[in-house]
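Notes follow the structure.
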Amino acid sequence: MREPIEKDDMTYAMWGIAIGLTLMFGVSLWRYRRSFLYKREIRWMDEHHELDRLREQLGLPLQK
C-alpha cells in the first residue's frame, strides 16, 4: 500500500521545478548575452580595421 502524498511533498516538488526552470532560463540568457557581446565586439573591430592591423602584424593575408 502506498503512503499518502503529503502537502509538503508537493511543495518541494514545485520548488524543485521552479528552481530548475530558473536555472535553465538564466543559463540560456547568459549564453545569449555572451554571444551577442562577442558579435558586437567583432563588428566593432571590423569597423575600426583592428582585424586588418592584427593580420598585418602577424603576417597573415588580408581577407575581405
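When its C-alpha radius of gyration is set against 2.2 N^0.38 Å (N residues), the chain gives a value of 2.34. By the helix-only formula, in which each DSSP H run with n ≥ 4 contributes -39500 (n - 2.57) and the sum is divided by residues, the chain has a 222 nm mean residue ellipticity of -27500 deg cm²/dmol. Could you give the angle, 0 to 90 degrees to the nearest 10, between helix 7-47's Cα long axis and the longest principal axis of the Cα atoms of the chain? Rounded to the nearest ten degrees, it is 10.
Rounded to the nearest 20, the Cβ-based charge dipole of the chain about its Cα centre (Lys and Arg +1, Asp and Glu -1) stands at 300 debye.
Every number here is computed from the coordinates shown, using simple stated rules; none is lab data. Small disclaimer: the values here were computed from a predicted structure and weren't measured. Here the Cβ is made from the backbone with ideal geometry for all residues, glycine too, and neighbour counts use every protein chain on show.
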